[in-house]
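Student: Just passing along the structure, written as structure tokens.
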Amino acid sequence: MAEAQNIPVGSNTTGSIAVAAESTVATRMSASPSFDVADFPVPHGREEEWRFTPLERLKGLHDGSAEASGSLKAEISAPDVVTVETVSREDARIGRTGAPVDRVAAQAFSSFEKASVISVPKEAVLEEPVRVGLHGEGGVTYGHTVFDIGAFAEAVIVLDHTGDTVRSANVEFVLGDGAKVTVVSIQDWDDTAVHCSQHNALVGRDASFKSVVVTFGGDVVRLSPRVNYAGPGGEAEFYGLYFTDNGQHQEHRLLVDHDRPNCRSNVAYKGALQGDEAHAVWIGDVIIRADATGTDTYELNRNLVLTDGARVDSVPNLEIETGEIVGAGHASATGRFDDEQLFYLMARGIPEQEARRLVVRGFFAELVQQIGLPDLQERLIAKIEAELEASVA
């Protein structure tokens, strides 16, 4: 079953379901990954995976001309039981979640010198989150980070991106059997920053992985969260919140690859856009392979257009190779403010701008609550308020 809904307001929203007769997935969702940048031709913007991205604004990340020339200040705080290591690229723990799936990610893998490996021992239950603050100080930077979570461990991880840089990075999450992990990735860059990153998660048997992506800043942000399952019974949840402002390009491209039986996934991304040439792109791909019987999956994207001149491209896709599943579906919608909601609030004496603010806060409230950390939730609500204030200043 599937649902696709579109209310076009400067938007392009499409959806598709493919039921494969063969065991080999043969669509754009199955691009061949590789650690070698030479295996990916330089994109020109006509390719399916690049047709929405403003390549000229990637500052050379896509064509190999962006040499590492900048600096990034990293601050990591974690409970004492957590191990933080700086390792060479030959470390055996690197690359276990899969290879890069596009040229920019492959360029990042080819260009980093040292990687960070952050390990949580098995059965450890962290009382405080692992916080990784990355502050750009100009120039081009590349990076690679591995989070190795032991069996039956529980952890919350916060990745906080600020400052100015042109950055490409790969981040890996390896979850042992029965582990429970929540990852919050915040993109709060300066307006001139460029950020491309591939997030790979490998979810062990009966393990649970939750990703919460929050994107506000940056000139161009392109993130690719992906998940695979290492055993049956795994669960993955992907939540996203983005606020795309005047001239910004924010692109989120997800892939959930169900290749083991009795696994579950749920995707819910919401965005608000305002200002001329604000452009948000959401691609949600889900593959259910022939052996993935008992799969239960759903993906949702909602967009709220606050002003004229903004554009949304929303493309949910399902590819199913077996009919022996619990459920699979998707939904996508883009629209303006609900006039009835505004009228209801204004009829009770609430000024229009305050009414609009309440509608937007309500639109995002469910996703903000998924973060589970009061300090971050308050910060993000304040950021949303500031964005709304700027729109009426």
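Student: Scan region 292-305 and give yes if some residue there is at pLDDT 95 or above, part of a strand (DSSP E or B), hydroxyl-bearing (S, T, Y) and surrounded by fewer than 23 Cβ atoms within 10 Å (Cβ to Cβ), otherwise no.
Tutor: Yes, because at least one residue in region 292-305 is at pLDDT 95 or above, part of a strand (DSSP E or B), hydroxyl-bearing (S, T, Y) and surrounded by fewer than 23 Cβ atoms within 10 Å (Cβ to Cβ).
Student: Here's something else I'd like to know. If I ask for residues that are closer than 20 Å to E251 by Cβ and either open to solvent by 50 Å² or more (accessible area, probe 1.4 Å) or in a loop (DSSP other than H, G, I, E, B) (or both), which ones from region 308-318 would you list?
Tutor: Residues satisfying the conditions are G309, A310, R311.
Student: Please go through (1) within 17 Å of the chain's Cα centre (by Cα); (2) closer than 28 Å to Q107 by Cα; (3) modelled with pLDDT of 95 or more for G217 and return the number of the only condition it doesn't satisfy.
Tutor: The one condition G217 does not meet is (3).
Student: Can you tell me which residues in region 38-52 are assigned to a loop (DSSP other than H, G, I, E, B), touching a residue at least 60 places away in the same chain (Cβ under 8 Å) and out of contact with any His (no Cβ under 9 Å at 6 or more places or on another chain)?
Tutor: The answer is F40, P41.
Student: Right, here's the next one. Spot the failing condition for V158; the list is (1) without any contact (Cβ under 8 Å) to a residue 40 or more places away in the chain; (2) surrounded by fewer than 23 Cβ atoms within 10 Å (Cβ to Cβ), and only one is missed.
Tutor: Of the numbered conditions (1) without any contact (Cβ under 8 Å) to a residue 40 or more places away in the chain; (2) surrounded by fewer than 23 Cβ atoms within 10 Å (Cβ to Cβ), the odd one out for V158 is (1).
Student: Ok, one more. Which one is nearest to Q107 (Cα to Cα), of the residues in region 69-88 that are surrounded by fewer than 17 Cβ atoms within 10 Å (Cβ to Cβ) and among the aliphatic types (A, V, I, L, M)?
Tutor: Checking each candidate, the answer is V87.
Student: Just to check your reading of the model, which residue among E321, E277 is open to solvent by 60 Å² or more (accessible area, probe 1.4 Å) and farther than 30 Å from V130 by Cα?
Tutor: E277
Student: Determine, yes or no, whether L126 is in contact with an Asp or Glu (Cβ under 8 Å, 6 or more places away or on another chain), surrounded by 14 or more Cβ atoms within 10 Å (Cβ to Cβ), in contact (Cβ under 8 Å) with a residue 24 or more places away in the chain and over 19 Å from H199 (Cβ atoms).
Tutor: yes
Student: Looking only at region 89-117, which residues are closer than 23 Å to V221 by Cβ and either in a loop (DSSP other than H, G, I, E, B) or open to solvent by less than 10 Å² (accessible area, probe 1.4 Å) (or both)?
Tutor: T97, G98, A99, P100, V101, D102, V104, A105, A106, A108, F112, A115
Student: Among the candidates E324, E251, which residue alone is in a strand (DSSP E or B) and either acidic (D, E) or over 18 Å from V227 (Cβ atoms) (or both)?
Tutor: Only one candidate qualifies: E251.
Student: Name the one entry in D177, D191 that is open to solvent by 10 Å² or more (accessible area, probe 1.4 Å), charged (D, E, K, R), more than 21 Å from N266 (Cα to Cα) and part of a loop (DSSP other than H, G, I, E, B).
Tutor: D191
Student: Can you work out which of the residues in region 129-154 that are open to solvent by 20 Å² or more (accessible area, probe 1.4 Å) and not in a strand (DSSP E or B) is farthest from D36 (Cα to Cα)?
Tutor: F152
Student: Inside region 199-233, can you point out the residues that are in a loop (DSSP other than H, G, I, E, B) and either over 24 Å from D291 (Cβ atoms) or hydroxyl-bearing (S, T, Y) (or both)?
Tutor: Residues satisfying the conditions are F216, G217, G218, D219.
Student: So, D206, is that one open to solvent by 10 Å² or more (accessible area, probe 1.4 Å) and more than 30 Å from V125 (Cβ to Cβ) or not?
Tutor: no
The values are calculated or read from the model by the stated rules, or taken from the named source; none is laboratory data. Not measured: the values here are computed from a predicted model. Note that each Cβ is placed from the backbone with ideal geometry, even for glycine, and that neighbours are counted across all protein chains shown. Keep in mind that these areas ignore ligands, DNA and RNA; they rest on the heavy atoms of the full protein, side chains included. Shrake-Rupley method; radii C 1.70, N 1.55, O 1.52, S 1.80 Å.
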